[in-house]
Structures are given as C-alpha cells and as structure tokens.
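The structure under discussion appears below in the form of structure tokens.
Read the figures in this text as sums done on the coordinates, not as results from a lab. In this text, all values refer to a predicted model and were calculated from it rather than measured experimentally. Here the Cβ is made from the backbone with ideal geometry for all residues, glycine too, and neighbour counts use every protein chain on show.
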Amino acid sequence: MSFLFPLAAKSAWNRRYTLGLMLLAIALSSAMLLGIERVRHEVRDGFTQSVSGTDLVVGARTSPVQLMLYAIFRIGGATNNMGWDSALKLSKNPAVAWTIPLSLGDSHRGFPVLATNLDYFRHFHYGDGQALQLAEGRAFADVFETVIGAEVAQRLHYRVGDHIVLSHGMGSMHLTDHADKPFVITGILARTGTPVDRTVHIGLDAMEAIHLDWEGGAPMPGLTIKAEQVKKFNLTPKTVTAVLVGLKNRAAVFGVQRDIGDDTSEPLMAVLPGVALDELWQVVGVGENALLVVSGMVVIVGLAGLVSAILASLGERRRELAVLRSVGARPFDIFLLLALEGLAVMLAGVILGLILLTLALLVLGPFLSAQFGVTLHPALPATGELTLLLWTILAGFAASLLPGLRAYRLSLADGLTPRL
C-alpha cells in the first residue's frame, strides 16, 4: 500500500495543470464562502456595537432604518433636517438626561464629517457601555479645531497639529473644498471598531462657519468671509441632522417617544436603536441568506468540477490503474487512492482560499472601511467559519468517493485491454 502514494504523487504531477485549475476553482469558491460569512458577522457585530446607552435617536420623519443608518453609521443621507429650536426643546424635557446634536453633510477625503458639541465626548458610548477616549491630544475648543477617528489618522497618516481642509458634500470625487477655512487637528480618538473611527469631528459652530458664504450648496459669487472674521457672526446652527437622547429613567422611553411624534411644531420621529436594528436585520437577513445560498452554489459547482475532472481522467488513467492492480494493489486500494486524491485537492484548495481571503482583506480592507464603514481585518477563522470549512472539506471528500467507486469497479482485464 505504501508504494501507491509516491506513484499517486507522480501521477498528480503529470496532471498538474488540470489539478491546478481545479485547485484554483475550489480556492476561489472557498474564499467567497468564507468571505461572505466574515462580512456577515463583522457587519452585524459592528452595527450592534456602534452605539450603547442611547435611548432614542430623534430626527426628521423618515424610516427608522434610514434614520439609524445616517445618524449612527454615517451611511446615506438625511432627507430633511430638524430645527435647532426642536433640539433645544428636546434637551429641556424633564425626562431627558442629556442630548447630543449631530450635523452631517460634509466630508474629508472620503471620510464623513460630523459636527457636534462636547456632550458627544461626555455621553456617547459604544460596545458594552465604553466611553470615547482620546489616544492623543484634546477635544476641540475653538471654531477651526477638529478631533479625528483612529482610522482617519491611520489611513491618512495624520498627527496632532496637522492642518486639514474639509469638502462640501459626501464622497471623494468632484467636491468643492472649504480651502479658505482649514482646521487643525487637536485630538485623535482611540480605536473603537465603530463608525467613530472613520469620522472627522468638528463643532456645530464650525459647520456654520464654513458655510457662512455659501448658499444653496455652492459658494456665493463675490462673497468671501475669511476664517478670522467668522466669530463676528452668529454661529448658532439653524438645523441639525439628528439628536441622540439619553433618559433619566429608561421606563419613560415610550412616553417620550410618543410626545415627540405627537409634537405639532415640527414633524419628528424618535427611534429606539435596538428596535431599528432589528428591522434592519429583517431587511438585510434576506440578502444575507441569498448571499450564502449563492456562495454555497459556487462551492457545489467547484465540487462538481472536481468530480468531473477526476472522472474524465479515469479514461486516461485506465492503464495506470491497471498497472497498479497488476503489481498487487487491491480494488479497495484504488478506491482509497482516488478518494484521498480528491480530499487532498479539496483540503489544499480550502487552505489556498483562506490565504487568498487574507491577502484580499489586507489589500481591500482599508478601502472597505473608508467607503462602506465595514471594518475587516485578517484574522484566524472563527468557530463558525471553521465549521463551514470543515463541512466544505467533508463535502469534497464525499464527492470524490464517486470517482473512487468508478475506479473500484474497473477490472484488471478492462484496464489492460485496448479500446478499439
């Protein structure tokens, strides 16, 4: 039996191009399956950990999911803003302990800019109630000062004291810069694994200051207000995108939510973060399952290709198998040889797929984080991923039993008799 393996290795080397293509197909299908599973879990964990301790998210009336997406995850944009008077009124509600006003709309080299106040650093929590921490520097105290997230600092190689220019609008292409009003970085936040890492934070007064000489989303012709002149103007915001609310007693959450929805002064809505996330998963869950099904079908196609390649090669290997039978190999040895060959190709393909996925995350991870807020880092497979890979390998081994069974049934006489 031991002499079979060197012969099998030489046989595989003679068929290296065919097996190499099959190996690549299995590697790509395994990388896709594992990549989708990793994205699914990272997105869920990232969304769940992005906000903690916030009882309500308040904004202009829209869908709860959309409000959560742009207010917490910086994805998409608001259909309308809420008035500053409504934000102040909300902060004075007897049931409210604190509020954090948020204003979005600008960006810096593809990263979103969030205008807020110092309550953001005091009351915003993420994960298991963790507070924001500054890794370097201090919070902003003047108009043209900014605190950036860890991902922004890492990707753009910024340090405390550097100057940056913000752009009007979201995205990274064809945006108009606020070049006449640069900001100085006064602080860099410690990494959180949430959208905070890829956010540039400025004060609400700063958001007003850079738009003093703008009208309708564009600079006003012939009017320029220099940075040193902005403090002469009223920098109180007129509107904000959303307000995060913390209550003194969480039992009052439904009453406050109802009061906000019934307020006739302005059409607003208040969303419970947990409820909105549940709605989001109901929407996303269909897509998740569809992606897993597609990925599973790709793996099945790869397995079918593996079986087809081995079956097709049996015709060319009839004499090889017959020679093995003639020197003492039993039919079961031939069966086991082909089954182990399929298992070896499957195992090597899965390992190569894991390597390809790791390389892809190293290259595309920063891009995915900056553009979509999905933070993916190369890491060892988790328990669920290992289970998927194990089932993939077992499926490959089971599929390779078919060619082995076919070879088992080939007789010695059939192998030595030439076909006319």
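Results, tabulated for the structure shown:
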quantity: Estimated distance in nm for a label pair at Ile75 and Lys10, the labels positioned 7 Å out from Cα along Cα-to-Cβ; calculated: 5.7
quantity: Ranked Arg138, Arg74, criterion: other C-beta atoms within 10 Å, fewest first; calculated: Arg138, Arg74
quantity: Packing-based order for 398-404, 38-44, using average beta carbon neighbours within 10 Å, highest first; calculated: 398-404, 38-44
quantity: Global geometry of region 227-297, whether rounded, prolate or oblate, following the gyration tensor of its Cα atoms and the 1.5 cut on a/c; calculated: oblate
quantity: By average C-beta atoms within 10 angstrom, highest first, the peptides 188-197, 248-257, 273-282; calculated: 188-197, 273-282, 248-257
quantity: Under Karplus coefficients 6.51, -1.76 and 1.60, residue-wise ³J(HN,Hα) of region 101-117 in Hz, glycine/proline x; calculated: x, 10, 9, 10, x, 9, 8, 9, 6, x, 9, x, 9, 10, 9, 7, 10
quantity: Cα-Cα over 27 Å, subset of Lys92/Lys181; Lys89/Lys248; Lys181/Lys232; calculated: Lys92/Lys181
